[in-house]
Amino acid sequence: MTCSSNRLFGAVLLGLLAAIHCMAADDRELDAVRKQLPADFIVERASCFVVAGDMGREQFDRFKTWTIGECSEALHRAYFNKKPNYTITIYLFNGDKSYRSWAKKLFNEEPSSPYGYYTPSERRMVMNIATGGGTLVHEMVHALMRPDFPGAPTWFDEGLGSLYEQCTTGEDGLLKGLINWRYEGLMEAVRKNRLVPLKDVVRMSDDQFRGRGSGLHYAEARYFCMYLQEKKLLRTFYKTFRDRYNEDKTGETFLVELLGKDLDAVEAVWIAWVKGLESR
């Protein structure tokens with residue numbers, strides 16, 4: 001056997017051993033979650049996720065196949081080059097009582113949201129799935145973006161996540177964000193001339209974004225991402241921002257490049273677009 005053949009054989013062997021190691025780790029994760037929960041919970045793997053739920057098989061399969069499986073694949077096709085090399089666990093609890101009692105029992109947590117939440121350090125999503133799948137997709141965006149664009153600022157991380165709280169699949173197989181409940185609050189701010197300037201939103205720290213006025217910050221970030229989607233620039237912006245992040249950690253430079261004007265000028269056009277959504 002030649003040296004090059006030896007190297008090829010060694011690379012294949014290492015790859016095979018790594019795959020076996022990954023499968024063993026996946027099985028351990030699956031078994032660990034099964035041991036946490038009663039036998040009437042369904043616990044199965046879906047790509048990089050372990051999914052557990054206390055609903056019937058038909059409902060569980062719908063969330064596993066569509067909301068988790070197809071949406072995660074669509075997000076990767078659109079944005080993410082890197083997939084998690086670890087397991088993310090998703091707990092789907094079928095109602096507020098189940099959601100809160102199991103969050104307390106399993107993790108000693110009192111949920112601050114009635115819909116669900118993601119804990120990055122634990123790689124764990126805990127959902128009240130009876131409220132619908134919108135928050136699940138929102139939190140999946142955070143979980144899947146983390147390995148691909150770990151430096152993403154809060155405005156963009158939350159803007160992209162909240163964009164898909166209400167979405168559909170287009171003819172191209174990609175997700176498309178639709179108008180949702182955040183629009184009403186945004187329009188109220190428009191009517192009362194209380195919008196935060198876009199240039200200030202993209203420059204916000206995490207604490208500023210999530211602090212006082214956070215509801216409006218989320219709405220502005222979401223509908224600005226939706227505007228980029230409508231202009232067919234959102235995917236380009238994501239990839240440019242990710243790849244050139246060290247040049248500008250806010251993303252403002254790349255928005256100006258893509259849109260051909262500064263954010264003050266962009267804001268006037270964006271507000272007119274936002275107002276036009278009322279007629280849709």
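The values are calculated or read from the model by the stated rules, or taken from the named source; none is laboratory data. These numbers were taken from a predicted model, which means no experiment stands behind them. A quick note on method: Cβ atoms are made from the backbone with ideal geometry, for glycine too, and the neighbour counts reach across all protein chains shown. Please note that ligands, DNA and RNA were not included when accessible areas were found on the heavy atoms of the full protein model with its side chains. Shrake-Rupley method; radii C 1.70, N 1.55, O 1.52, S 1.80 Å.
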Within segment 200-221, track down each residue that is under 15 Å from residue 188 (Cβ atoms) and either buried (at least 17 other Cβ atoms within 10 Å of the Cβ) or of a type in the set (Asp, Glu) (or both).
216, 217, 218, 219, 220
Residue list for segment 93-120, restricted to those being small (Gly, Ala, Ser), at pLDDT 95 or above and open to solvent by 30 Å² or more (accessible area, probe 1.4 Å):
101
Of all residues in segment 180-189 being out of contact with any helix residue (DSSP H, G or I) (no Cβ under 6 Å at 6 or more places or on another chain) and of a type outside the set (Ser, Thr, Tyr), the one that is nearest to residue 271 (Cα to Cα):
187
With respect to residue 236, determine if the residue is open to solvent by 40 Å² or more (accessible area, probe 1.4 Å), under 24 Å from the mean Cα position of the chain (by Cα) and under 17 Å from residue 152 (Cβ atoms).
yes
Where residue 132 falls short, out of the listed (1) on the phi > 0 side of the Ramachandran plot; (2) touching a helix residue (DSSP H, G or I) at 6+ places or on another chain (Cβ under 6 Å):
(2)
Just for segment 239-265: of the residues that are under 28 Å from residue 146 (Cα atoms) and touching a residue at least 60 places away in the same chain (Cβ under 8 Å), which one is surrounded by the fewest Cβ atoms within 10 Å (Cβ to Cβ)?
249
Taking segment 72-90, which residues are under 25 Å from residue 177 (Cβ atoms), hydroxyl-bearing (Ser, Thr, Tyr) and not in a loop (DSSP other than H, G, I, E, B)?
72
When residue 212 is run through (1) at pLDDT below 95; (2) part of a loop (DSSP other than H, G, I, E, B), the failure sits at (1)
Kindly establish whether residue 170 is surrounded by fewer than 14 Cβ atoms within 10 Å (Cβ to Cβ) and either at pLDDT below 95 or under 25 Å from residue 84 (Cα atoms) (or both).
yes
